[in-house]
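Just so it is clear, none of the values below were taken in a lab; they were calculated from the coordinates. Keep in mind that this is a model prediction, so the values were computed, not measured. Ideal geometry is used to build each Cβ from the backbone, glycine not excepted, and the neighbour counts take in all protein chains shown.
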Amino acid sequence: MRVAAIALAIAAALPLTPALAAPFIVAHRGGTGDMPENTLQAFSTALENGADALWMTVQVTKDGIPVLYRPADLDSLTDGQGTLDQTTLNDLRKLNAGYSFSRQDASGQLSYPYRATPLRIPTLREALEAVPQNVPIMLDMKQTPAAPLVEAIAQVLDSMNAWSRVRLYSTDSEAIQLMKAHRQAQVFETRDATRDRLVDLSLGGTCDNPPPAGSWVGIELHRQVEVIEHFTLGTGVSKVDARWWTPAAVKCFKTNGDVKIVAFGVNSADAYAAASCLGIDAVMTDSPRTMRIEKKSQ
């Protein structure tokens, strides 16, 4: 089935509804393992590689323009310096968003293919214009303070009549709460709420607090966490591989009806197979190229 047909079936109207039994594929920042992240080229390549939806990270520039970029500092990914929130859009245009992206050949030798062919940091508006309207988009609000970012995003979505195309996420609970003030906004449940539900279920063993019908939740399939124990003579810290999603957890979260679960960090065949067996609705991956093969095998 062609990508456009899959995306159309998924995105007849958000909330997104997978058209296939296997989890649909969300390209994390356009597929960070395949292309320079959050670039228009990454998004188009992700769709060519079978992605069903696109995850984009958004921040706001010094002059108030929402752009797609993840770290606070520019030298992490580009040939620039300083922080994004202290840089104007005009200055961002001069930077290469693909500067730090590398590939490794069979001998282990690294190359930097986009240093000779620079890529631009796109604005949110440019991304919405470039991506087909039938492709679902998930926007990760990645900047504090949250209020200027939320309002800048809302202005773009208003002006482009794009609210129905987008679902909004943030690890910052304030950003989610502020976005809820916009009537048309479709948001993920806060990460804190999702994590707390899973912790309560794990510790208590009973499903006392499932999310309401229509919710969208997202958290890692599994994650390394620190467990701190307090003893009479001191404190003990252990590292634990927390497997957030179990059959019991999925069943609990779907108690009230149509709740969509997005598992983050799914980058291997085993992880994709596990998510599929659990009944996870979508997986967020760094490599749609790799996940396309796994999806076809389901």
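Which trypsin sites (Lys or Arg not before Pro) from the stretch 73-116 combine a DSSP loop assignment with at most 16 other Cβ atoms within 10 Å?
Sparse-neighbourhood loop trypsin sites (Lys or Arg not before Pro): Arg93, Lys94, Arg115.
For a quick check: sort Asp172, Asp73, Asp200 by the number of other beta carbons within 10 angstrom, fewest at the front.
Ranked by crowding around the Cβ, least crowded first: Asp73, Asp200, Asp172.
Of the cross-linked pairs Lys180/Lys251; Lys142/Lys180; Lys62/Lys94; Lys142/Lys251, which ones have a Cα-Cα span greater than 23 Å in the structure shown?
Lys180/Lys251; Lys142/Lys251
In whole Å, what is the distance between the alpha-carbon centres of the stretch 110-147 and the stretch 181-213?
The stretch 110-147 and the stretch 181-213 have Cα centres separated by 28 Å.
Among Ser159, Ser202, rank each residue by its count of other Cβ atoms within 10 Å, from fewest to most, as a rough exposure measure.
Neighbour counts put them in this order, fewest first: Ser159, Ser202.
Over the alpha-carbon set of the stretch 102-146, divide Rg by the Kirkwood Rh and report the Rg/Rh ratio to two decimals.
1.15
What's the ranking of 248-260, 272-284, 24-36, 116-128 by average number of surrounding C-beta atoms within 10 Å, highest first?
Descending mean neighbour count gives 24-36, 272-284, 116-128, 248-260.
Glu48 label point, 7 Å along Cα→Cβ, cut-off 19 Å on backbone N: hits in the stretch 89-125?
Once the point is set 7 Å along Cα→Cβ of Glu48, 97-99, 101-104, 112-122 turn out to lie under 19 Å by backbone N, inside the stretch 89-125.
Could you give the length gained by full extension between Asp192 and Thr144, i.e. 0.36 nm per residue of separation minus their alpha carbon distance, to one decimal place?
Length gained, Asp192 through Thr144: 15.6 nm.
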